[in-house]
1. Does any residue of segment 45-60 turn out to be in contact with a helix residue (DSSP H, G or I) (Cβ under 8 Å, 6 or more places away or on another chain) and among the acidic types (Asp, Glu)?
2. Identify all residues within segment 131-176 that are surrounded by 12 or more Cβ atoms within 10 Å (Cβ to Cβ), among the acidic types (Asp, Glu) and within 16 Å of residue 111 (Cα to Cα); write none if there are none.
3. In segment 28-44, what residues are under 30 Å from residue 146 (Cα atoms) and either of a type in the set (S, T, N, Q) or touching a helix residue (DSSP H, G or I) at 6+ places or on another chain (Cβ under 6 Å) (or both)?
4. Of the conditions (1) of a type in the set (A, V, I, L, M); (2) under 22 Å from residue 161 (Cβ atoms); (3) over 18 Å from the mean Cα position of the chain (by Cα), residue 132 satisfies every one except a single condition; which number is it?
5. Show the residue pairs meeting these rules: Cβ distance below 7 Å; 6+ apart or different chains; first residue within segment 133-146 and under 12 Å from residue 20 (Cβ atoms) and at pLDDT 90 or above; second residue part of a loop (DSSP other than H, G, I, E, B) and open to solvent by less than 20 Å² (accessible area, probe 1.4 Å).
6. Would you be able to say whether some residue in segment 3-22 is of a type in the set (Lys, Arg) and open to solvent by less than 50 Å² (accessible area, probe 1.4 Å)?
7. Within segment 147-176, track down each residue that is farther than 19 Å from residue 21 by Cα and outside any helix (DSSP H, G or I).
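The values are calculated or read from the model by the stated rules, or taken from the named source; none is laboratory data. Just so you know, these numbers come straight off a predicted model, no measurement behind them. Neighbour counts are summed over all protein chains in view; Cβ atoms, including those assigned to glycine, are modelled from backbone coordinates with ideal geometry. Please note that ligands, DNA and RNA were not included when accessible areas were found on the heavy atoms of the full protein model with its side chains. Shrake-Rupley method; radii C 1.70, N 1.55, O 1.52, S 1.80 Å.
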Amino acid sequence: MFEIEYEFREEDLIHFNEVQFTRNEDIQANIRKNRWLVPAVMGLIGGFYYFYYGDKNSSAYIVVVAALWGWLSPKVMMLDLRRQILDNYTVKEKSAMFGMYTLTIDPAQANYLLESSPSGKHKMLWEDLVRVEYSKHYIYIYISLSTALVIPLETLKSGDVIAFAEQAEKMIERAS
C-alpha cells in the first residue's frame, strides 16, 4: 500500500494557477502585446513631443512611463491574478480545500485513488485521472486538463512521494 500525507495551503493553490496561467499561449500573447505595444505607442507620442514641440521634459516623462509600463505590467498582472484566485472562493470553500490531505493507493482495491481531505473522503477512478507531472517543488496528479491534486514537497508529512507518484503513473497508464 502506498500512502502520503501532506498539507495543502493557499500559496500552493496560487502557484498551481500561476503555472496554468503561464502555460496558456493566448494569455501570454496578450501579455506580450500589452507589454510592448503600449510602450511603443507611448514612445511614439514622446518622440512627437520631442521633435514637434521640442519639449524634452514631457518627452522624457512619457518615455520613462513607457519603460516602467513594459517592465511592471506583467508583475502587476500576476499580483492581480493572485488576488482574483483567492477571491473566487468563499471562506467555507477555502476551509474545505486547505489543510491536511492523505492519498492512498491500495493494491487490494486497485480501481481508485483514495483521497482524505478537509472536505471528506473521495474515491477517484484511475481511468478518470489524466496524468502525473513533476516539478521542482510539486507533484501534480491531473484530474482533468486544468484541475490537479497539488502535492507540495515542502509540506510532505509522511510517505515516499516519488514511489507514490510512480505507482500513480502506472495505475493511470493501466486504466487508460
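1. Yes, segment 45-60 contains a residue that is in contact with a helix residue (DSSP H, G or I) (Cβ under 8 Å, 6 or more places away or on another chain) and among the acidic types (Asp, Glu).
2. 169
3. Selection gives 28, 30, 31, 34, 35.
4. (3)
5. Taking only residues 6 or more apart or on different chains, the pairs are 142/129.
6. So far as segment 3-22 goes, yes, one or more of its residues are of a type in the set (Lys, Arg) and open to solvent by less than 50 Å² (accessible area, probe 1.4 Å).
7. 156, 157, 158, 159, 160, 176
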